[in-house]
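J.: Can you keep this structure in mind? I'll have questions shortly.
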Amino acid sequence: TKPILLHSAVNNPDIVLVLDPTLMEVIDVTEGMLKGGILVINTAQDPKEIMGACSVKADYIKVYTIDASKISKETIGREIPNTPMMGALAKVSGILDFKAMLEDTKHKLEKKFKSKPEVIDGNLKAIERAYNEVKG
């Protein structure tokens, strides 16, 4: 209910979003995650394939995948995976009311891109598609 003003490292995340799947080849993106944590990865791979690449047991964390890069290219016209990842996050975490988040995002985009309705529509479609297509 209040802004978070603390800027520091997160040692034990409940949720990790990986926008660039090549990071998984370089670092352990699950390091420090607690049991029951959520891992969402921008990839076309199936969550089971990802579990094979991670050294984490399926009963320890929940793994979800979404091809956010593809969705953003098809809806926005550019590879901007962070926008569809918002939809995937809303779906898998349950911490955001999806309709309220979508409406808030729409209002923010309308302020910034009022002369570009295609940008607004593309971003909203990207969020909705990811919400509906996330696998896990």
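The values are calculated or read from the model by the stated rules, or taken from the named source; none is laboratory data. A quick note: this is a predicted structure, and the numbers were derived from the prediction, not measured. Counting neighbours? That spans all protein chains shown, and the Cβs are built from the backbone with ideal geometry, glycine included. The accessibility values were calculated without ligands, DNA or RNA, using every heavy atom of the protein model including side chains. Shrake-Rupley method; radii C 1.70, N 1.55, O 1.52, S 1.80 Å.
J.: Of (1) closer than 20 Å to LEU23 by Cα; (2) under 13 Å from the mean Cα position of the chain (by Cα); (3) open to solvent by 20 Å² or more (accessible area, probe 1.4 Å); (4) of a type in the set (Gly, Ala, Ser), SER93 satisfies all except one. Which?
T.: (1)
J.: Determine the pairs where a residue that is on the phi > 0 side of the Ramachandran plot, located within the stretch 18-41, has a partner that is part of a loop (DSSP other than H, G, I, E, B) and surrounded by fewer than 12 Cβ atoms within 10 Å (Cβ to Cβ) with Cβ atoms under 6 Å apart, the partner being 6 or more residues away or on another chain.
T.: Note: pairs meeting the criteria are GLY32/ASN11; GLY32/ASN12.
J.: Hey, among the residues in the stretch 59-86 that are without any contact (Cβ under 8 Å) to a residue 12 or more places away in the chain and among the basic types (Lys, Arg), which one's least open to solvent (accessible area, probe 1.4 Å)?
T.: The qualifying residue least open to solvent (accessible area, probe 1.4 Å) is LYS73.
J.: Next question. Within the stretch 54-75, track down each residue that is part of a loop (DSSP other than H, G, I, E, B) and at pLDDT 95 or above. Write out each step before concluding.
T.: The first filter runs over the stretch 54-75 and keeps only residues part of a loop (DSSP other than H, G, I, E, B), leaving 54-61, 67.
Listed by number, the list holds a single entry, ASP67.
J.: Do you know which residues across the stretch 1-53 are surrounded by 10 or more Cβ atoms within 10 Å (Cβ to Cβ), at pLDDT below 90 and charged (D, E, K, R)?
T.: Listed by number, the residues that qualify are ASP28, GLU31, LYS48, GLU49.
J.: OK, next. Considering VAL63, VAL40, VAL10, VAL29, which residue is out of contact with any helix residue (DSSP H, G or I) (no Cβ under 7 Å at 6 or more places or on another chain) and of a type in the set (A, V, I, L, M, F, W, C)? Walk me through it before giving the result.
T.: Values: VAL63 fails: out of contact with any helix residue (DSSP H, G or I) (no Cβ under 7 Å at 6 or more places or on another chain); VAL40 fails: out of contact with any helix residue (DSSP H, G or I) (no Cβ under 7 Å at 6 or more places or on another chain); VAL29 fails: out of contact with any helix residue (DSSP H, G or I) (no Cβ under 7 Å at 6 or more places or on another chain).
The match here is VAL10.
J.: Go through (1) more than 10 Å from the chain's Cα centre (by Cα); (2) not in a helix (DSSP H, G or I) for LEU17 and report which single condition fails.
T.: LEU17 satisfies all of (1) more than 10 Å from the chain's Cα centre (by Cα); (2) not in a helix (DSSP H, G or I) except (1).
J.: Tell me yes or no: at least one residue of the stretch 96-117 is surrounded by 15 or more Cβ atoms within 10 Å (Cβ to Cβ), within 13 Å of the chain's Cα centre (by Cα) and touching a residue at least 40 places away in the same chain (Cβ under 8 Å).
T.: Checking the stretch 96-117: not a single residue is surrounded by 15 or more Cβ atoms within 10 Å (Cβ to Cβ), within 13 Å of the chain's Cα centre (by Cα) and touching a residue at least 40 places away in the same chain (Cβ under 8 Å).
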